[in-house]
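Q: Have a look at this one before I ask anything.
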Amino acid sequence: MSRTVPTLSLAILALAAGAARAAEDAPPAGVSVVDSVVAVVGERVVTASDVRLERELRAHDPSPVPVLEARRDDPLGFLVELALLRGVAGDIALYRPAEAEVQARLARLRRSFDGPEDWRAFLARNGLDEGRLAAALRSRMVVERLVRRTLGEHPAGDPEALRRYEAWVAELRRTVPVRRVPAEPAGVDVGGGQGAEGRAQGPTSPPA
């Protein structure tokens, strides 16, 4: 005479089997999943992790430059524009913020989170430490200085500033190759995760 296994027991067995399969598919301890490239801007790359970070930063680190803040509805498009502009700024000292300014911005960002645990979770989610995050902020601040000095101070929603900015970016796109990369399987080499820190060339000022 056969015996019927209770439904609960079957469910437990199924869960256990699923957990075993998940453990087999997981990467070994200490091995990180390689990031994927989502756009190439000249010699720079923008990665999927850059996009994820931008989505979080938008809520915690508003840009002090209104025309840049207005571009953040499209995270990938915004990062492509940052990469174009970062190439224009290059290593010109005029656009380089003081280390104290970078650390002050990092401190403001840290305070925007709900305590140390929330902050550490944010860093862990994005595979960052404070040094790497400070470098990303420094790069953004370089672009902000470039845009400010080129377009001048302007209020949020200023149509003339937006027109000049868009014309500038359009001109850069004509001189610097920009390619969006279709979704790739895990394991794509991102060239050291440069994000917007590589090199690209283009005009140094926007159209009038």
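No value in this document is a laboratory result; all are computed from the given coordinates. Values in this document were obtained by computation on a predicted structure and should not be read as measured data. Methodologically, a virtual Cβ is constructed for each residue, glycine included, from the backbone with ideal geometry; neighbour enumeration extends over all protein chains shown.
Q: Please report Rg over Rh for the range 35-94, where both radii come from the alpha carbon positions and Rh follows the Kirkwood definition. Let's see the in-between values first.
A: Values: Rg = 11.9 Å, Rh = 12.2 Å.
Looking at the range 35-94, the ratio lands at 0.97.
Q: Right, next: Once the mean 1/r over all distinct Cα pairs of the range 35-158 is inverted, what Kirkwood radius in angstroms do you read off?
A: Values: mean 1/r = 0.0659 Å⁻¹.
15.2 Å is the Kirkwood radius here.
Q: Taking amide H positions as placed in the peptide plane 1.01 Å from N, state which residues far from V181 in sequence (5 or more) or on other chains have amide H under 5 Å from it.
A: Counting only residues 5 or more places away or on other chains, the set is A39, V40.
Q: Another one. Output the peptides 120-131, 35-46 sorted from most to least packed, where packing is the average of other Cβ atoms within 10 Å over each peptide's residues. All intermediate terms of the calculation are to be shown ahead of the outcome.
A: On the way: 120-131: 13.2, 35-46: 21.6.
Listed from highest to lowest mean packing, they are 35-46, 120-131.
Q: Okay, moving on. Which far-off residues, 5 or more places away or on another chain, put their amide H under 5 Å from the one on R44, with H placed in the peptide plane?
A: Close amide H contacts, sequence-distant or interchain: R199.
Q: Here is a follow-up. What ³J(HN,Hα) values, in whole Hz, does the Karplus curve 6.51 cos²θ - 1.76 cosθ + 1.60 give for the range 63-72 when θ = phi - 60°, with x put for Gly and Pro?
A: Per residue, the Karplus-derived 3J(HN,Hα) values read 6, x, 9, x, 5, 6, 4, 5, 8, 8 Hz.
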